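As structure tokens, the structure follows; a few thoughts come after it.
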Amino acid sequence: MKAGFFFSIILSMLAQLSRAQNQYHYQTLMNYLESRMASVEERIASWNEQNSRYNSDLKKFRHQTVDLLEKLSKDYEKFREDLEGAGVRVDRVEKEIDFIETKNPPKPCVKAADKMVEQEPVLTERKKKDEFYEVSVCVDLVSNIQAMKILKRLGSTKGVWTKDSRTAKVYIFNGTSEDTVYEFNSVKEFSASSGISKGKQITLPSAWNGTGHAVYDGFLYYLTERSELQVNKFHLENGSLVDSAVLPVQEQVSVYSLNPDTMVDLIADEEGLWALYAIEDTINLAKMDSDTLDIENMWETSCSRINAEAAFFVCGTLYVVYNTRPPSRSRVQCVFDVNDMVIPGEAPLLYFPRRFGAHSSLKYNPVEKIMYAWDDGYQILYRMALTKKLFTIVPPPEE
Ligand SMILES: *[C@@H]1O[C@H](CO)[C@@H](O)[C@H](O)[C@H]1NC(C)=O
Ligand SMILES: *[C@@H]1O[C@H](CO)[C@@H](O)[C@H](O)[C@H]1NC(C)=O
Ligand SMILES: *[C@@H]1O[C@H](CO)[C@@H](O)[C@H](O)[C@H]1NC(C)=O
């Protein structure tokens, strides 16, 4: 159709030209058309040649792919055989672990637990009744974030909410520097309340700084940042400051670069009080005696504070949570185990559900296996899935 149209134009032009009897212009036009035709023909020839070259290339490529696929399927066969062999070995190791565990049940992994037996017989009595077996043997490893529940949106963009894992009470710390804590009798009561101020008001002797507070067994551990970083222990029921201690930190840098108000993050559990702080760009961990606030041990975790937003601590293992600015998806990218029971390669890469805020605090409750998170003013619960840490098998002692 198009070619026909083209020729009809040429013919009508030629007719016009002959009518004009302009021989000279006719010849010029013919020359022009001939040279155009020649160049088009030349191009067509070169396309044909290229096309056949592509075809042969394609054929060669197809052969290579078939060869490669054949080779791959052979390798895969071998890989599967290896995998089956490994599976049998894992089964055997698991049976051995079972056998060894029945012969000698795992011991609590922290000496502090033994110390408390001598110091606080009452506490030990209570501990036996409660279900602390899993936590105190220290073999839980977080494998996944199983579920998320957004409970409420109350208060400032930054803050802390946490539950005392010894009682059902919930504490709300609105903002990063206040002196009033709000207490609710349960998560349910908080969830049903129309505002933070509906809770029982507890006034502290001094304002807290940051989002690193911890509540355990009726005591609040909180931080004041003046010229020194001071850990305070406060009895929530009696409203009295029980003790305080200064941390041996020379330069005050925030422990997580994405949460610049928090110099120290405190975690209280049945093994004691743990403090996270930064030395230069590395997160350090100190283990404190929760009765006396003495420092018992210190570790350099090898986790960077840069782009960290929070951390949580489960059974002797620290999980540092990283994000970006502006916030995207929070994820655990560094793990540190105080007993060297978690090999970095073994640690799971945990992603938080996709949200667009940033966590100002993450407080793990070992009894419920739930994390209390404050994300851009939202109070969120994360349910954690746990697995067991792999550990080296030590042959049972000869009897
Ligand atoms: C929580 O903090 C925000 C921001 O600092 C403030 O506007 C609000 O009044 C506070 N709420 C309560 C109940 O203190
Ligand atoms: C800690 O809080 C107090 C009281 O609000 C405030 O005066 C002080 O500047 C804060 N310290 C830091 C380092 O932000
Ligand atoms: C709290 O008060 C009670 C009664 O006054 C007292 O027996 C108890 O020792 C106090 N506890 C603390 C931690 O101050």
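Each value in this text was obtained by applying a stated rule to the coordinates, not by laboratory testing. In this text the structure is predicted, and so the values were computed from the model without any measurement. Quick reminder, even Gly has a Cβ in these numbers, built from the backbone with ideal geometry, and neighbours come from all protein chains shown.
Computed values, structure above
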| quantity | calculated |
| --- | --- |
| Distance between segment 148-193 and segment 250-313 - C-alpha centres, whole angstrom | 22 Å |
| Packing-based exposure ordering (other Cβ within 10 Å, fewest first) of 370, 306 | 306, 370 |
| Greater than 19 Å apart at Cα, pairs in 188/388; 152/363; 163/188; 169/200; 158/363; 163/200 | 188/388 |
| Within-12-Å neighbourhood charge of residue 371 [Cβ basis; K, R +1; D, E -1] | +3 |
| Highest average packing first - 297-305, 270-278, Cβ atoms within 10 Å | 270-278, 297-305 |
| Surrounding net charge for residue 254, when Lys and Arg each add one and Asp and Glu each subtract one, Cβ distance under 9 Å | 0 |
| Sum of side-chain charges, residue 333 neighbourhood, beta-carbon under 14 Å (Lys, Arg +1; Asp, Glu -1) | +2 |
